[in-house]
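Single-structure report; data block below.
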Number of protein chains: 2
Amino acid sequence: MRLDHPAAPNSPHERPAAGHATAVAHPNIALIKYWGKRDDHLILPASDSLSMTLDVFSTTTTVRLAPEAAADQVTLNDTPAADEPYRRVTAFLDLVRERARRAERAVVDTRNTVPTGAGLASSASGFAALAVAATAAYGLRLDATELSRLARRGSGSASRSIFGGFALWHAGRGTGADADLSSYAEPLPVGDLDAALVIAIVDAGPKAVSSRVGMRRTVETSPLYRPWVESSRADLTEMRAALLRGDLEAVGEIAERNALGMHATMLAARPAVRYMAPATLAVLDSVLRLRQDGVAAYATMDAGPNVKVLCAGADADRVARTLRSVASRTYIARRGPGACLRTEDGR
Amino acid sequence: MRLDHPAAPNSPHERPAAGHATAVAHPNIALIKYWGKRDDHLILPASDSLSMTLDVFSTTTTVRLAPEAAADQVTLNDTPAADEPYRRVTAFLDLVRERARRAERAVVDTRNTVPTGAGLASSASGFAALAVAATAAYGLRLDATELSRLARRGSGSASRSIFGGFALWHAGRGTGADADLSSYAEPLPVGDLDAALVIAIVDAGPKAVSSRVGMRRTVETSPLYRPWVESSRADLTEMRAALLRGDLEAVGEIAERNALGMHATMLAARPAVRYMAPATLAVLDSVLRLRQDGVAAYATMDAGPNVKVLCAGADADRVARTLRSVASRTYIARRGPGACLRTEDGR
């Protein structure tokens, strides 16, 4: 067994000089899902979630303080950010500035390597990288737990991308400041587990409902939401045990049922929130056939039509090949590192 | 407003001489679903359901007593029945014989007009027709409520096909004989409502899980099943009011959410029970687009991949035309009659 956070943030010891920092973070895929908040402002989830951080699709973010500037300047993949994306970043920087008791504006440059149109959210890796880079640039010394808690304020799932490998995001207890303090991710001990996630991209039109809207509608209108939250608690307990003993089949089974349960709660929202497209079900059918053929492959889906298929690393190529008949593209991801500062850049 | 059972069974007054009778019945599509039994033997459902009887796909069944025969003889569409279909019919005839205090075996000849491979169950029309024909042949005088209760023992949804138009099947109260007595369908008063159901047949492999197995697994393993049953009660109350005021949009909305909720409970069963195929979702997408184009069209699905789309009778052709781009075949059904004896045959 090993505690798998190969690259837990290297602050405070290796923290570069304040004023300028670059950080790298990776997306994560939840195996026990986060769906629904109990506090929209503090981004406190209704239940604990658990994820695997990937080794692909990294986000690299540089934060440079700009004492002369009147406003933050944010660039996403060479394009100036505006509107909601801009506001989310500046609101996050405000949290960092408040904590650092500093007022300088900043120049933020972010590069995502998520393929365009892949329908994969980059907010987890994005805010994990921003949390690490911005705190360093503003001279804050935060440990990994504090970084996770902070990243959560940008995007809930970013709290998990602070850690590599498998991470558990605690929903936290109570309300207000207590809840804020108790809601963060931690790396999980995992047994001998060679897991890969094959990401199957399916063609689908633009997302009809954003995940924010979808979450809220599910929480507020789905009669099946609360019972799913309850069942998700039990899933988490079983999942931790399955990870600890390195039982890929159990991990996959629990992940698949947790995801299907989440999509079931959405389907029962009013009106229904349905991210599953025809091609999504074609991939699920393929996954069932793979299992019938003796391949341990299990599906999980998020707020979009794509499917992520958990399997043994040794089976990943075969799974990807099979899914290519129903998916437009596939990517193979393995366990990735936690968010970290790029030292060559900061020193 | 009218009480819509144009052809409530014509017994006892027109009952033909015992010994030989032919009855006709039609399938029904549930708008508030029946999914899950609280008593497998008595076929007592977990919750009330509500349906529209169709004017297409009739079943015609003749029952002729055969005093010399040692066993019942059952023919389905010119093919001798065996195994489970045979056993279900003889077990049903045993109920009739017990009640009539008669012992003769019977020859049963059934003809379904459901298109082959359409994936539409004929057990509702089949057992409704059998209940009417067999009781007449064995000389029983049952009223429509008693026939409905009896038909239920053959197949739950057959209790509703005894009535034309819209029917409500009461789950019944308590257990045992009390419950048996209180679980039957009744015709529902309906306002000025011109409703059609466009049946969209989609290509899909053989059903992986029978509805019996699917129901049981959902009841026993889905953490979302009980909450759906609760929500279905509220749906039923709203649906009765919507039918009474002839509000097609409300009827459609409630029917669609009730069906999606039912499929959601199945999706959360362990392992998942999924009747939705890729093409099912393609039809659902088409229905959403029809609504965006201002056509009141609402989907409902049962234990299979086909979709039934509720719309105004005046829109049925347009809806069918639209769905033909994603479905392999479409049929238009309207409100049909209740089960009845064929008098020319019995006199």
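The values are calculated or read from the model by the stated rules, or taken from the named source; none is laboratory data. Computed from a predicted structure; not experimentally measured. We place every Cβ from the backbone using ideal geometry, glycine too, and count neighbours over all the protein chains shown. Note: accessible area is taken over every heavy atom of the protein model, side chains too, but ligands, DNA and RNA are not part of it. Shrake-Rupley method; radii C 1.70, N 1.55, O 1.52, S 1.80 Å.
A few comments on the model shown:
- Listed by first and then second residue, the pairs with beta-carbon distance under 7 Å, at least 6 apart or on different chains, first residue in segment A:219-230 and more than 9 Å from chain B (Cβ to nearest Cβ), second in a helix (DSSP H, G or I) and not β-branched (Val, Ile, Thr), are A:Val219/A:Tyr225.
- Scanning segment A:279-296 for residues that are charged (D, E, K, R) and more than 8 Å from chain B (Cβ to nearest Cβ), we see that the one that is most open to solvent (accessible area, probe 1.4 Å) is A:Arg289.
- Checking each residue in segment A:245-277 for being open to solvent by 20 Å² or more (accessible area, probe 1.4 Å), assigned to a helix (DSSP H, G or I) and within 10 Å of chain B (Cβ to nearest Cβ) picks out A:Glu253, A:Glu256, A:Arg257.
- Here is the figure for segment B:237-284: residues that are more than 20 Å from B:Thr221 (Cβ to Cβ) and touching a residue at least 24 places away in the same chain (Cβ under 8 Å) total 22.
- Qualifying residue in segment B:179-191 (condition: at pLDDT below 95, out of contact with any strand residue (DSSP E or B) (no Cβ under 6 Å at 6 or more places or on another chain) and under 29 Å from B:Leu290 (Cβ atoms)): yes
- Residue in segment A:297-313 that is within 13 Å of chain B (Cβ to nearest Cβ), assigned to a helix (DSSP H, G or I), open to solvent by less than 20 Å² (accessible area, probe 1.4 Å) and at pLDDT 95 or above present: no
- Failed item, numbered, when A:Gly338 is tested on (1) open to solvent by less than 10 Å² (accessible area, probe 1.4 Å); (2) closer than 27 Å to A:Ala264 by Cα; (3) outside any helix (DSSP H, G or I): (2)
- Qualifying residue in segment A:223-233 (condition: within 28 Å of A:Phe57 (Cα to Cα) and open to solvent by 50 Å² or more (accessible area, probe 1.4 Å)): no
- In segment A:1-37, residue farthest from A:Ala196 (Cα to Cα) [restricted to those that are of a type in the set (Lys, Arg) and at pLDDT 95 or above]: A:Lys37
- Scan of segment B:140-197 for residues that are in a helix (DSSP H, G or I), among the aliphatic types (A, V, I, L, M) and open to solvent by less than 10 Å² (accessible area, probe 1.4 Å), ordered by number: B:Leu147, B:Ala151, B:Ala158, B:Ala179
- Where B:Arg321 falls short, out of the listed (1) of a type outside the set (A, V, I, L, M, F, W, C); (2) farther than 21 Å from A:Ala208 by Cβ; (3) in contact (Cβ under 8 Å) with a residue 24 or more places away in the chain: (3)
- The condition of being under 18 Å from the mean Cα position of the chain (by Cα), within 30 Å of B:Arg226 (Cβ to Cβ) and of a type in the set (Phe, Trp, Tyr) holds for only one of A:Tyr298, A:Tyr331, A:Tyr275, that being A:Tyr275.
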